[in-house]
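*Asks:* Let me begin by handing over the structure; questions about it come next.
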């Protein structure tokens, strides 16, 4: 009986990026177990959603092993506990394949697999969803994380990278093999809005059809950088670029604008305080966790993705897959997806004034131009469709 283990630092990461991988391994004759931390206060999904995801894993017949948290690099007791938990699971079950991911979790898991690789022939796959060393990263990140990855790469049978920059950096390490996979894949048929979604959601949120709606979907955490958008909107408001919500004025360059943020996370209270302090309550609405993202996308006009750091962002790809034009940070991963002025506009994630410039370009486009850019993004996403990624992963698992 062939066995495989899927490991990630949180249950969210397992269920968000690996459900298809589990099914692929099972189709190849593997019994698949899962190891992760289910008690994670920073989860991007609600406790109810996590419970539903656990039921999905149960339905697939996966064995589930609970591990200590691997989110905080300075929490040494947790890291040591997780190391021993993983070591015991791997050596007891003698897996043919262990597929791990995330910077901290990937290090701990690969160290825990050293004996199993040597004695039982376990093959370890590490999927880098985004190295912490990248163009623009701090010197500390390069010294610490690059060194850690280089050390652990000798315990890596296959390193999977999901963007061009990481692939080039990955080839400098010591893994036996390095592969490029176009992300976790995006389901280009996932977001099907109801026929009246645009009108209904705008009515629910009291947004008229003359208002241009900006949307961001993602965790409310520092890396996602929502506050930079708030700063840019404040600058636009102070410079007279934004019309007041109740205004009937249509003289350019004033725009009627609403920025929607869908997601949950530990920064919600801080972000709400910032909105209030900047006087943006009329322009920004925090939607919290929504299970009708397809309808929210349909009600919006421009997708804003301000992250400081990504691997190959699923949220951005999903927005592109439904035909949204984009304003996004010029970072690794994003530059693999968007061409300036073709599918969207770039800005510096640490410079609100550059975001103002990008937003003004997007706002100046008429509805027809935005539709053209959205259509280009739909075509781009066909190359990142889940069906294509699944074929690549099936080939990888077969060869490993």
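The values are calculated or read from the model by the stated rules, or taken from the named source; none is laboratory data. Being a predicted model, the structure only gives us computed values, none of them experimental. When we count neighbours, we look across all protein chains shown, and the Cβ atoms used for this are built from the backbone with ideal geometry, even at glycine.
*Asks:* Which ranges mark the helices (runs of 4 or more DSSP H) fully within the stretch 305-376 that have 3 or more residues being outside the structural domain of residue 101 (by TED's automatic domain parsing) and within 19 Å of the chain's Cα centre (by Cα)?
*Replies:* The qualifying helices (runs of 4 or more DSSP H) are 314-321, 334-337.
*Asks:* Please go through the stretch 1-29 and pick out each residue that is assigned to a strand (DSSP E or B) and either over 20 Å from residue 113 (Cα atoms) or out of contact with any helix residue (DSSP H, G or I) (no Cβ under 8 Å at 6 or more places or on another chain) (or both).
*Replies:* Selection gives 2, 10.
*Asks:* To continue, here is another question. Condition first: closer than 19 Å to residue 185 by Cα and not in a helix (DSSP H, G or I). Now tell me which residues in the stretch 377-400 satisfy that.
*Replies:* Selection gives 385 alone.
*Asks:* I'd like the full set of residues that are in a helix (DSSP H, G or I) and over 22 Å from the mean Cα position of the chain (by Cα), limited to the stretch 270-301.
*Replies:* Passing the criteria: 272, 273, 274, 275, 276, 277.
*Asks:* Still on this structure, I have one more. Only one of (1) touching a helix residue (DSSP H, G or I) at 6+ places or on another chain (Cβ under 6 Å); (2) surrounded by 15 or more Cβ atoms within 10 Å (Cβ to Cβ) fails for residue 174. Which number is that?
*Replies:* In the conditions (1) touching a helix residue (DSSP H, G or I) at 6+ places or on another chain (Cβ under 6 Å); (2) surrounded by 15 or more Cβ atoms within 10 Å (Cβ to Cβ), residue 174 misses (2) alone.
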